[in-house]
1. Kindly indicate the residue of the range 148-158 that is crowded, with 20+ Cβ neighbours inside 10 Å and within 19 Å of residue 292 (Cβ to Cβ) and also farthest from the ligand (Cβ to nearest atom) among those meeting that condition.
2. All but one of (1) crowded, with 19+ Cβ neighbours inside 10 Å; (2) more than 15 Å from the ligand (Cβ to nearest atom); (3) modelled with pLDDT of 95 or more hold for residue 295; state the number of the condition that does not hold.
3. Please count how many residues of the range 1-45 are under 23 Å from residue 269 (Cα atoms), within 18 Å of the chain's Cα centre (by Cα) and outside any loop (DSSP other than H, G, I, E, B).
4. Would you mind telling me which numbered condition in (1) more than 17 Å from the chain's Cα centre (by Cα); (2) within 15 Å of the ligand (Cβ to nearest atom); (3) closer than 24 Å to residue 148 by Cα residue 271 fails?
5. Since residue 68 meets every condition but one in (1) within 15 Å of the ligand (Cβ to nearest atom); (2) farther than 19 Å from residue 266 by Cβ; (3) more than 12 Å from the chain's Cα centre (by Cα), which condition does it not meet?
6. Please find, within the range 159-180, the residue that is nearest to the ligand (Cβ to nearest atom) out of those that are farther than 26 Å from residue 39 by Cβ and in a loop (DSSP other than H, G, I, E, B).
7. Looking at the range 227-255 only, could you name the residues that are within 16 Å of the ligand (Cβ to nearest atom), more than 14 Å from residue 214 (Cβ to Cβ) and touching a residue at least 40 places away in the same chain (Cβ under 8 Å)?
8. Give, as residue ranges, the strands (runs of 3 or more DSSP E) completely inside the range 94-151 that count at least 2 residues that are without any contact (Cβ under 8 Å) to a residue 40 or more places away in the chain.
Ligand code: TA6
């Protein structure tokens, strides 16, 4: 579907920010912005309650150059999460966040919600990075909630093993004002402390930096933000890992696209299947990673 046609659907418009095309959706439930570069959701502002704030954070100095992922929103990490285990020269968090996805469909649903489908498939370029034939779609539904479904199909003749995540950056009043619940019972793997492990008990209060994987976690997470007086609810399906990341005062200095003093304004709570929670697909098998955000 050509981007010009996208703008013909009710409530959907198309613009450009530096090198990146931006699709804006406005319906009776919410306003959202998405770029086909990486199929990255950049903004989701519900219409209720009145004056609701954006759920997502995008760095004020994010690059929209098409040369690197936009810092913020919901980048898609696929088909590996973090550094490639065998070849650190390959791009971190896989390669689909660095590629322009095709807009395969945009329509208004009977409920008045808007559905957008983005897709990408293996090519000579991707086969050099990862030797599997695949088809990947991201279905986005903008309603009272923001729903994402990432569908992987293995079009290879061999078994495919992958890791993946919705690397969601949430906008928060201050990381000091947060309490996270829902992680109880999972195993926290602390990547900043030599991969030390501890069982999560009770509510999770933390002070940045934090870069932890909560393994064996398939339930919902709630970010309770006393400063913004809101609770962001993250529900997921077919996800066995949750990642919590914030660089804090020192590590932030290594990120050119995050102002040094703005790390308290976001928290990444990522839904995925990472580390040992791999997804294994036989030829022609399909897997759907789903996440729904509400507040
Ligand atoms: O999800 C946490 C993490 O993998 C961190 O280790 C951190 O570096 C972050 O993602 C950002 O990664 P990026 O490749 O987007 O700079």
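The values are calculated or read from the model by the stated rules, or taken from the named source; none is laboratory data. Keep in mind it's a predicted model, so treat the numbers as computed, not measured. Note that each Cβ is placed from the backbone with ideal geometry, even for glycine, and that neighbours are counted across all protein chains shown.
1. Taking the candidates together, the pick is 152.
2. (3)
3. Selection size over the range 1-45: 12.
4. Status for residue 271: all satisfied but (1).
5. Failing condition for residue 68: (2).
6. Filtering the range 159-180 down to residues farther than 26 Å from residue 39 by Cβ leaves 173-180.
Now drop any that are not in a loop (DSSP other than H, G, I, E, B), which leaves 173-174.
Numbers: 173: 21, 174: 20 Å.
Per the stated criteria, the residue is 174.
7. Matches in the range 227-255: 246, 248, 249, 250, 251, 255.
8. Numbers: elements: 102-108, 114-121, 134-142.
The strands (runs of 3 or more DSSP E) meeting that bar are 114-121, 134-142.
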